[in-house]
Amino acid sequence: MIALKLLSVDRSFAEKHYADLSAKPFFNGLVEYIISGPVVAMILEGKNVVTTGRKIIRATNPAESARGDFAIDIGRNVIHGSDSVESARKEISLWFSYCAVNWQSSLHPWIYE
């Protein structure tokens with residue numbers, strides 16, 4: 001993990017984050033949900049981090065996953081993860097736009113070739 005913050009999201013920000021879902025019938029409910037309480041945003045790094053993260057999160061409504069274990073209902077999703085490297089770049093620039101995230105672990109040379 002290279003960045004983490006706790007914040008409240010306003011409607012405009014939520015609509016921008018979920019812009020690709022704006023035509024979906026659940027869009028307004030999704031926006032209402034994300035603005036209803038605090039959000040923890042984080043940036044994870046690592047080899048194949050997007051693919052690995054999606055394996056951990058799994059589909060929107062599966063049993064035996066973080067989403068299935070902790071969500072009360074499908075519309076009350078407890079976790080979001082980027083579905084591609086391109087989405088991750090877009091979401092990082094949106095959620096962490098005001099701070100520079102330029103960090104490399106001292107372990108980097110020992111982990112990666």
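Kindly evaluate residue 40 against the criterion of being modelled with pLDDT of 90 or more, exposed (fewer than 13 other Cβ atoms within 10 Å of the Cβ) and either in contact with a helix residue (DSSP H, G or I) (Cβ under 6 Å, 6 or more places away or on another chain) or among the aliphatic types (A, V, I, L, M) (or both).
Here the answer is yes, as residue 40 does meet what is asked.
Residues in the stretch 14-35: is at least one in contact with a helix residue (DSSP H, G or I) (Cβ under 8 Å, 6 or more places away or on another chain), of a type in the set (Asp, Glu) and at pLDDT 75 or above? Yes, the conditions are met somewhere in the stretch 14-35. The set of residues in the stretch 9-53 being in contact with a Leu (Cβ under 7 Å, 6 or more places away or on another chain) and within 19 Å of residue 88 (Cβ to Cβ) consists of 16, 17, 18, 21, 39, 40, 41, 42, 53.
So that you can scan it fast, the table gives a plain yes or no per residue for (1) out of contact with any helix residue (DSSP H, G or I) (no Cβ under 6 Å at 6 or more places or on another chain); (2) modelled with pLDDT of 75 or more; (3) surrounded by 10 or more Cβ atoms within 10 Å (Cβ to Cβ); (4) over 15 Å from residue 1 (Cβ atoms):
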{"position": "47", "(1), (2), (3), (4)": "yes, yes, no, no"}
{"position": "53", "(1), (2), (3), (4)": "yes, yes, yes, no"}
{"position": "74", "(1), (2), (3), (4)": "yes, no, yes, yes"}
{"position": "78", "(1), (2), (3), (4)": "no, yes, yes, yes"}
{"position": "81", "(1), (2), (3), (4)": "no, yes, yes, no"}
{"position": "84", "(1), (2), (3), (4)": "yes, yes, yes, yes"}
{"position": "97", "(1), (2), (3), (4)": "yes, yes, no, yes"}
{"position": "111", "(1), (2), (3), (4)": "yes, yes, no, no"}
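Modelled with pLDDT under 90 and out of contact with any strand residue (DSSP E or B) (no Cβ under 7 Å at 6 or more places or on another chain): is that true of residue 89 in this structure? Working first, answer last.
Working: modelled with pLDDT under 90: no; out of contact with any strand residue (DSSP E or B) (no Cβ under 7 Å at 6 or more places or on another chain): yes.
Considered against the rule, which asks whether it is modelled with pLDDT under 90 and out of contact with any strand residue (DSSP E or B) (no Cβ under 7 Å at 6 or more places or on another chain), residue 89 comes out as no.
The values are calculated or read from the model by the stated rules, or taken from the named source; none is laboratory data. Quick caveat, the model's predicted, so the values are computed rather than measured. FYI the Cβ positions are ideal-geometry reconstructions off the backbone, even for glycines, and counts take in every protein chain you see.
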